[in-house]
Amino acid sequence: MKLFLDTANVAKVEEIASWGILDGVTTNPSLVAKEEGADFKETVMAMCDLVNEVSAQITTTEFEEMRKQADEYSSWHKNVVVKVPMTVEGLKTLKYCSGKGIATNTTLVFSVPQAVMAAKAGATMISPFVGRLDDLGVDGMDLIADIMEAWSHYGFETQVLVASVRDPEHVVRAAKVGAHIATIPYKVFLQLPQHDLTDKGLKKFMEDWNSIKK
Ligand code: G3P
């Protein structure tokens, strides 16, 4: 299972990458907008030096423009993954990128038919947004389970990336259904290594060790 950080903040990527378990980063225009004054290209390039896969989202909606943006982003660094919205124009762009060997991440996936079409267009990854479905009172992780079940019948190489993660339980359920990747916000990432029993156990080990005459 790959673990990605969902952020446009380079310092946060540096911090989590230093743990040695970070596989990639996903950015989107909303995350970029939070990092006032940061240059998008410089941000993506800096992240590409820290992790192997960095999703950079294209910001046009017609195929010709999307194709040009995909070409431009992919020329920045070998680790760039072009993030493409799940629209008909996006499908054309995915197909174009797949023909050129450009890695892609299909964003804003909310249904199994969308997932299947993106896979057929040759997407490297698809990003179903689980938290946004949860917000509507629908269990977002059910969509991941449905997609993984569909994937089990076919030879799709497209990786399923669980996005819009809101808490560690999303990561647990992603792992249990065999999702290939989870992209995790910084504050949730910090919770993942923590367990009260680990802290209590370590405290006791240290106390006992320090009580021994050495
Ligand atoms: O990876 C997608 C993610 O950034 C969207 O998360 O919390 O805005 O639904 P959220």
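The values are calculated or read from the model by the stated rules, or taken from the named source; none is laboratory data. Computed from a predicted structure; not experimentally measured. Ideal geometry is used to build each Cβ from the backbone, glycine not excepted, and the neighbour counts take in all protein chains shown. For the accessible areas, the whole protein counts, side chains as well, though only heavy atoms, and no ligand, DNA or RNA atoms are used. Shrake-Rupley method; radii C 1.70, N 1.55, O 1.52, S 1.80 Å.
Assorted remarks:
- For the range 11-42, the set of residues classified as within 15 Å of the ligand (Cβ to nearest atom) and under 22 Å from THR93 (Cβ atoms) consists of GLY24, VAL25, THR26, THR27, ASN28, PRO29, SER30, LEU31, VAL32, listed by residue number.
- Selection count, the range 119-142, where residues are touching a helix residue (DSSP H, G or I) at 6+ places or on another chain (Cβ under 6 Å) and under 17 Å from SER55 (Cα atoms): 4
- Residue match in the range 81-91 (condition: under 15 Å from the mean Cα position of the chain (by Cα) and surrounded by fewer than 17 Cβ atoms within 10 Å (Cβ to Cβ)): no
- Restricting attention to the range 54-72, the residues that are surrounded by fewer than 22 Cβ atoms within 10 Å (Cβ to Cβ) and polar (S, T, N, Q) total 4.
- The residues on offer are VAL112, VAL88, VAL84, and the sole one that is within 15 Å of the ligand (Cβ to nearest atom) and not small (Gly, Ala, Ser) is VAL84.
- Looking only at the range 43-53, and only at residues there that are under 19 Å from GLY20 (Cβ atoms) and open to solvent by 50 Å² or more (accessible area, probe 1.4 Å), the one that is farthest from the ligand (Cβ to nearest atom): ASP49
- Within the range 103-214, strands (runs of 3 or more DSSP E) holding 1 or more residues that are open to solvent by less than 30 Å² (accessible area, probe 1.4 Å) and in contact with a Gly (Cβ under 8 Å, 6 or more places away or on another chain): 104-109, 125-128, 181-184
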